[in-house]
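Colleague: Before I ask anything, here is the structure I am working with.
The values are calculated or read from the model by the stated rules, or taken from the named source; none is laboratory data. All of these numbers come straight from a predicted model, not from anything done at the bench. All Cβ positions, glycine included, derive from the backbone under ideal geometry; neighbour counts span all protein chains shown. Areas reflect the complete protein model, heavy atoms only, side chains present, ligands, DNA and RNA absent. Shrake-Rupley method; radii C 1.70, N 1.55, O 1.52, S 1.80 Å.
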Amino acid sequence: MKRDDKYIQELLSQARSGSRKSMGQLAVVVWERLYPFVFRTTLNHDLTEDVLQETLLAVVKQVASLRESQRFWPWVYRVAWNKIQD
């Protein structure tokens, strides 16, 4: 497991346990990683920010229901893709 993956797993574990600080840090990491992906799809900064905001809201609401924490990134990208499609 890469160092970044370990960091994400720790943040995810703490966020799922109710740590607001870890959830905030996780949101920053998700935003930074997803921004290029969403922007390449929308080619619009305002729309990209809207999609990312909706994605983060969905992630925050549903993170506790994620069964396999190692599947975090595929899940987040799927949520973002669904928001782009909407």
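Colleague: In the chain, what percent of the accessible surface is made up of carbon and sulfur (1.4 Å probe, ligands and nucleic acids excluded)?
Modeller: Answer for the chain: carbon and sulfur cover 48 percent of the accessible area.
Colleague: Per residue, how many Å² of accessible area does the chain show with a 1.4 Å probe?
Modeller: Here the per-residue accessible area is 68 Å².
Colleague: Here is a further query. Rounded to the nearest 500 deg cm²/dmol, what is the calculated helix-only ellipticity per residue at 222 nm for the chain, with -39500 (n - 2.57) per DSSP H run of length n ≥ 4?
Modeller: Only helices count here, giving -27000 deg cm²/dmol.
Colleague: Separate question: Going by a ≥ b ≥ c, the root eigenvalues of the Cα gyration tensor, does the stretch 1-57 fall in the rounded group (a/c under 1.5), the prolate group (a/b larger than b/c) or the oblate group?
Modeller: oblate
Colleague: Right, next: Please compute the net charge surrounding Thr42, taking Lys and Arg as +1 and Asp and Glu as -1 over other residues with Cβ under 14 Å from its Cβ. Numbers along the way, then the final one.
Modeller: Values: positive: Arg40, Lys83; negative: Asp46, Glu49, Asp50, Glu54, Asp86.
Here the count lands on -3.
Colleague: Taking 0.36 nm per intervening residue step and subtracting the Cα-Cα distance, what contour gain separates Leu47 from Arg16 on full extension?
Modeller: Here the segment from Leu47 to Arg16 would lengthen by 8.3 nm.
Colleague: Still on this model: Going by alpha carbons, how many degrees (0 to 90, nearest 10) lie between the helix axis of 20-42 and the longest principal axis of the chain?
Modeller: That works out to roughly 30 degrees.
Colleague: So what's the angle, to the nearest 10 degrees on a 0 to 90 scale, between helix 45-62 and the longest Cα principal axis of the chain?
Modeller: Between helix and principal axis, roughly 30 degrees.
Colleague: Could you work out the relative contact order of the stretch 2-86? I mean the mean sequence separation of Cα pairs under 8 Å and 6+ apart, divided by the number of residues, in percent.
Modeller: Rounded, it is 28 percent for the stretch 2-86.
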